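The values are calculated or read from the model by the stated rules, or taken from the named source; none is laboratory data. Since this is a predicted model, take the numbers as computed values, not measurements. All Cβ positions, glycine included, derive from the backbone under ideal geometry; neighbour counts span all protein chains shown.
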Amino acid sequence: MKQNQAGQGSHVCNCGYMVSAEARGKGLATLMCEHSQKVARELNYKAMQFNLVVVTNEKAVSLWSKLGFETAGKITKGFQHPTLGYVDALIMYKWL
């Protein structure tokens with residue numbers, strides 16, 4: 001967890017998570033995100049943002065949406081997927 005921007009944007013934090021293939025489907029990403037939101041509030045952040053959610057990662061997009069994050073924008077061809085080539089990425093945001 002860190003500031004997404006310095007200065008006037010410092011009230012927004014940024015987080016990123018990775019879960020191994022063996023650990024997927026066990027609720028770890030949900031737990032990490034819920035924990036991060038709790039810590040972010042304790043650190044007086046007002047919002048949380050994921051800067052690069054790859055659209056082909058449908059489980060992540062669905063989970064972040066379920067946890068209250070909204071799509072704030074789309075970066076066309078913002079991620080170079082190893083097999084699909086350039087794919088879109090989302091900026092997902094939640095006011096805490």
Flagged in region 51-78 as part of a strand (DSSP E or B), surrounded by 16 or more Cβ atoms within 10 Å (Cβ to Cβ) and touching a Phe, Trp or Tyr at 6+ places or on another chain (Cβ under 7 Å), in numbering order, are V53, V54
Is it the case that some residue within region 59-77 is closer than 20 Å to G9 by Cβ and in contact (Cβ under 8 Å) with a residue 40 or more places away in the chain?
no
Restricting to region 79-96, give me the number of residues that are within 16 Å of G9 (Cβ to Cβ) and not in a strand (DSSP E or B).
1
Outside any strand (DSSP E or B), under 22 Å from T83 (Cβ atoms) and either at pLDDT 95 or above or touching a Leu at 6+ places or on another chain (Cβ under 6 Å) (or both), is that true of S36?
no
When residues of region 1-19 are limited to those that are in contact with a helix residue (DSSP H, G or I) (Cβ under 8 Å, 6 or more places away or on another chain) and outside any strand (DSSP E or B), the one surrounded by the fewest Cβ atoms within 10 Å (Cβ to Cβ):
Y17
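Based on what the data block shows, is Y45 at pLDDT 95 or above and either touching an Asp or Glu at 6+ places or on another chain (Cβ under 7 Å) or surrounded by 12 or more Cβ atoms within 10 Å (Cβ to Cβ) (or both)? So that I can check it myself, show each step before the final result.
Numbers: at pLDDT 95 or above: yes; either touching an Asp or Glu at 6+ places or on another chain (Cβ under 7 Å) or surrounded by 12 or more Cβ atoms within 10 Å (Cβ to Cβ) (or both): yes.
So Y45 passes the test.
One line per residue, one yes/no per condition, for (1) touching a residue at least 24 places away in the same chain (Cβ under 8 Å); (2) in contact with a Ser or Thr (Cβ under 9 Å, 6 or more places away or on another chain); (3) among the hydroxyl-bearing types (S, T, Y):
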position	(1), (2), (3)
G9	no, no, no
V54	yes, no, no
F79	yes, yes, no
I91	yes, yes, no
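Looking at region 3-16, is at least one residue under 13 Å from the mean Cα position of the chain (by Cα), within 28 Å of T83 (Cα to Cα) and at pLDDT below 95? Before you say what the answer is, go through the steps one by one.
Quick first cut of region 3-16, residues under 13 Å from the mean Cα position of the chain (by Cα) only: 4, 12-16.
From what's left, within 28 Å of T83 (Cα to Cα): 14-16.
Next, from what is left, pick out any that are at pLDDT below 95: 15-16.
Yes, region 3-16 contains at least one residue that is under 13 Å from the mean Cα position of the chain (by Cα), within 28 Å of T83 (Cα to Cα) and at pLDDT below 95.
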Filter pass, E22 being surrounded by fewer than 17 Cβ atoms within 10 Å (Cβ to Cβ) and either within 19 Å of N4 (Cα to Cα) or β-branched (V, I, T) (or both)
no
Which one is nearest to G68 (Cα to Cα) among residues in region 25-52 that are free of Cβ contacts under 8 Å to residues at least 12 places away in the same chain and charged (D, E, K, R)?
K38
